[in-house]
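Worksheet: the structure to be examined is printed underneath.
The values are calculated or read from the model by the stated rules, or taken from the named source; none is laboratory data. Keep in mind that what you see is a predicted model, and the values were worked out from it rather than measured. Ideal geometry is used to build each Cβ from the backbone, glycine not excepted, and the neighbour counts take in all protein chains shown. Protein only, heavy atoms only, side chains kept; ligands, DNA and RNA dropped before computing areas. Shrake-Rupley method; radii C 1.70, N 1.55, O 1.52, S 1.80 Å.
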Amino acid sequence: MAEAARARAEAARDGRSPASARAGGDLVFSAIAFVLALLPRLYVAIAWAREPVWDGHYYDFGARRIAAGLGYSDDLIVGGQPVWHPWCHYPVGYSGFLGLVYRLFGAGPHVATVANAVTGALLVVVVHRLARYATTPARARAAALLAALSPGLIVYAALLMTEPLAALGLVTAPWLLARDAARGRIVRGAVLAGVALGLTALVRPQSLLCAPALALLTWRGPGGASAAWRRGALAAALSAATALAVVAPWTIRNCRVMDGCALVSTNGGWNLAIGAFPRATGRFETLRAGDGCPIARGQVAQDRCWMAEGLKWIKNDPVRWLALIPRKLSFTFDHESFPIGYLGEANPAAWPEERRAAGRRVLTTSHLGLLSVAALGVVALPRLRPWRALAAQLLALAAVLGLVAWGVLGDEHAFWPLAVAIPVIAALPLPGRPANGGVVGYLAFAMASVALTHAVFFGEDRYHMVVTPALCVLAACALRRGETASAPPERPLDGAVQRARLSQ
C-alpha cells in the first residue's frame, strides 16, 4: 500500500494519474485510435491515389528496383547495352521500405498507398503512447485524436512521399526511451531509440539532429544536477552511436559503389545551392548547369560541387542569404498545399482548380489552427500565486496570442514565428512554466531542428509534415499546470513503483 501511495504521489506531481505511465495502460484506446485513423486513410489511399508524381515517381522507381533485387539504382545505356548505375541522390529509406512491401505483396496499383495508410495509423498509436509520458491520460487521448483526424496526415496516405514514415521515426525514438526510462532501463531505451533514429535517418538524414534532445527524456531522476547530466549524456551518446551504426552499412555501400563517400544521400549540396544561388526565392527552384556546375560527374562529386557553390554564394552575399530566411520559414510553415498539388498533378480531371482551392483552404486552416494551439503547449495556465509566475506566464501567453493575432490580421498572414516561438519559450526558464523538459522538450527541439534546417536550405510546406504529430502532442498539452518550486524532481520509476502501479 505504501508503494502504491508513493506511485500516486509521484504521478500527481505533473498532473498525471497513476495509470498514465503504466507499461500496458490505455492499450484499448490505442487500438481504437489505430482503427479510427486507418479507415479514412484507407479510403484516400484507394480512392484518390494515382500514378506517383514529382519526387514520388523516383521513390517508386527506386522501390521497384530494390524489390527486383537490383538495388538502389537505374540502368544507363552505354554502347547500346544497359549498364547498372547506383544511386544515392535521394535517401534510400522510403524506397527501401516500399521495396520490402513490394517484395512481400507485389507492386499493384494501391499496395504502396495502403502501406502508407497503415504507417499513418501506426503513427497515431505512437503519438498516443508517447503523449502518455508528457501529460494526463485525457490529454494523451486528445493528442491521438488530433493526429488521427488531421486532414493533412489523412490526405498524405495517397502520396508516395517520405514525410509520414519520417514522422513515425521521430516520435517512435522518444517513446521507446521514455518507456524504458520509466522502468529504470535507460541503456536499453537509448539503444532502441538509436535504432529507430538510425532507420529514420535513412528516410530523412536531418533526423539525426534530434539525437541530443533524447537526453531530455532521462534528465529528471534521483540525484542532483551531476547525476542528471550523466544520465542525459549516456542516453544521447548511446542513441547517437547506435543510430550511426544503423546508418553505417549504407554509408559503406556508398563509399564502395559511388564516386565518393556519402553518409546517406547526395542532395545536401543541391539543397544548399537552391537556397543560396542568385535566383533563390526561398523555396524550390530548379538548378541548371549554367548556375555553377556544368560538368556532368558522379552524384557525389556533383553534390560537392553544389555545396561549394552554395557556400561561395553565402560568403559573397550573406545579407541576401539571411534576408531569405523569413521567406523560407514562411514557405515551410504558413500553409499546407503540397498534398493537394500532388493529387491535382496525378489526376487533373478529378481535381479542377475550384476543388484544389477548397482542399488547400481546409488543409491550411487546420494546420494553422493546430500550430496556434500547439504554441500554448509550452505555456502554463496562469495562476494567481506566486505573482512572479503569474506575470511570467501572462507575458508568455500574451506573446503567443500576439503572434496568432499577427498571423490572422497581418497582411502577410505569417504564422511561422509561432514555430520559432515554441522551442524558444520552452527553453526559457520562466517562473511558473509547465514541465517543458522530457517529451515536450524533445518535441520542441524537433520543431527547432525543422525550422533551422529549412532556414539554411529552402522551404516547402511539405517539410513541416514531419512535425505535425509533434504539434498534436503540444496542442494537447496547451495551458497545463505550471511547475512549483516545492515539487520534488521527477524521476524514472523503479521496479517496485512500477509493480505497484500495475497492481492497481
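Data for the structure
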item: Any cysteine of the chain lacking a neighbouring Cys Cβ under 4.7 Å - listed by number; result: 88, 210, 472, 477
item: Accessible surface ranking that places the most exposed of 90, 342, 58 first, with a 1.4 angstrom probe; result: 58, 90, 342
item: Percent RCO, i.e. relative contact order, over the chain, from Cα pairs under 8 Å lying at least 6 residues apart; result: 20 percent
item: 222 nm mean residue ellipticity, helices alone, for the chain (DSSP H n ≥ 4; -39,500 (n - 2.57); rounded to 500); result: -20000 deg cm²/dmol
item: Computed over segment 173-317, the ratio Rg/Rh where both radii use C-alpha atoms and Rh is Kirkwood; result: 1.13
item: Pairwise centroid distance, computed over Cα atoms, of segment 29-60 with segment 231-256, Å; result: 30 Å
item: Calculated log₁₀ intensity ratio I(q)/I(0) where the Debye formula runs over C-alpha points of segment 283-335, q = 0.15, 0.23, 0.24 Å⁻¹; result: -0.55, -0.96, -0.99
item: Sequence ranges 447-455, 46-54, 381-389, ranked by mean other-Cβ count within 10 angstrom, highest first; result: 447-455, 46-54, 381-389
item: Largest-first ordering by accessible area, 1.4 Å probe, given options 207, 330; result: 330, 207
item: For segment 64-91 and segment 401-418, distance of Cα centres in Å; result: 47 Å
item: Summed side-chain charge close to residue 474 - residues other than residue 474 whose Cβ falls under 12 Å, Lys, Arg +1, Asp, Glu -1; result: +2
item: Computed over segment 54-210, Kirkwood Rh from alpha-carbon pairs, angstrom; result: 17.0 Å
item: Cubic angstrom per residue, convex hull over Cα atoms of segment 313-404; result: 150 Å³
item: Leading residue at positive end of dipole, the chain (Cβ point charges), from 109, 456, 372; result: 372
item: Surface accessible to a 1.4 Å probe, residue 251 within the full protein complex, Å²; result: 30 Å²
item: Residue 226 - accessible surface, heavy atoms, 1.4 Å probe, Å² rounded to 10; result: 70 Å²
item: Probe 1.4 Å, all protein chains present, accessible-area order of 75, 60, largest first; result: 75, 60
item: Nearest-10 value in Å² for the accessible area of residue 420, using the 1.4 Å probe; result: 50 Å²
item: For segment 143-231, the spread of Cα positions along each principal axis, largest first, Å; result: 49, 28, 18
item: By average C-beta atoms within 10 angstrom, highest first, the peptides 394-405, 272-283; result: 272-283, 394-405
item: Between segment 305-331 and segment 161-224, the Cα center-to-center distance that results, in Å; result: 31 Å
